[in-house]
1. Would you check which residues across the range 83-97 are under 17 Å from residue 47 (Cα atoms) and more than 14 Å from the chain's Cα centre (by Cα) and list them?
2. Which is assigned to a strand (DSSP E or B) and either at pLDDT 95 or above or at positive phi (or both), of 120, 76?
3. Kindly evaluate residue 89 against the criterion of being touching a helix residue (DSSP H, G or I) at 6+ places or on another chain (Cβ under 6 Å) and either touching a residue at least 40 places away in the same chain (Cβ under 8 Å) or on the phi > 0 side of the Ramachandran plot (or both).
4. Given the criterion surrounded by fewer than 18 Cβ atoms within 10 Å (Cβ to Cβ) and at pLDDT 80 or above, identify the matching residue among 204, 198.
5. When you go through 75, 45 one by one, which is the residue that is surrounded by fewer than 19 Cβ atoms within 10 Å (Cβ to Cβ), closer than 16 Å to residue 96 by Cβ and out of contact with any helix residue (DSSP H, G or I) (no Cβ under 6 Å at 6 or more places or on another chain)?
6. Just the residues that are over 18 Å from the mean Cα position of the chain (by Cα) and part of a helix (DSSP H, G or I), please, taken from the range 38-47.
7. Among the residues of the range 181-195, are any surrounded by fewer than 15 Cβ atoms within 10 Å (Cβ to Cβ), within 18 Å of residue 114 (Cβ to Cβ) and at pLDDT 60 or above?
8. Could you please tell me which pairs satisfy a Cβ distance under 6 Å, a separation of 6+ or placement on different chains, a first residue in the range 180-205 that is free of Cβ contacts under 8 Å to residues at least 24 places away in the same chain, and a second residue that is buried (at least 19 other Cβ atoms within 10 Å of the Cβ) and not in a strand (DSSP E or B)?
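The values are calculated or read from the model by the stated rules, or taken from the named source; none is laboratory data. Owing to the predicted nature of the structure, the values given are computational and were not obtained by experimental measurement. Note that each Cβ is placed from the backbone with ideal geometry, even for glycine, and that neighbours are counted across all protein chains shown.
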């Protein structure tokens, strides 16, 4: 899909697209969809919930079909084979119809009750990222807290960023923020940086963080500290080599934008 087609893939019937990657989350999906509705219904802003099932091996897809039969705002799509969180997020973002896109995990560790707070932040920035730093002090064990802190420090040191919780995928951003972003496996960890590279503004807001009560965690110390290191070096290279320019003046008839 080209950038122009991406921008045109919008319907006036949807303002907010809540995008969820899903892999083996059957016990979380029903309460998650209900919680998103409870958070957004009072705002009176039309929304959709778009779930990409990353070839789950449990009953996630059957449950999504069941929920969709009674919840018209739910749309779901399923991969033919497991492709990873980045692919599931990107497929959902490309299929989203809203002017505003919100991404969050399907494990209920991200609290849908924080949605109004993230959306309100878009009045001061193009992209608003959730930060679990404060909330984690009261829920996670020492290893998870330490590995997350070290991973964020390394990312910020090498990328020149100041994001306090780059690993958190709970974000709200204007659709145009990702129209020209070049996504890749692992890019979900660096989306704030990629968005800033396109000239948009990024802010953070504190969010809640809950322990997982169903399903299995997909990330551990290996993912946080080591697996993403090669991606980090690639983003560092992209940031240094990115072409930057500003047009001072123009003459002649306007060209195609």
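1. Scanning the range 83-97 gives a single hit, 97.
2. 76
3. Yes, satisfied.
4. 198
5. 45
6. Answer for the range 38-47, where residues must be over 18 Å from the mean Cα position of the chain (by Cα) and part of a helix (DSSP H, G or I): 38, 41, 42, 43.
7. no
8. 181/194
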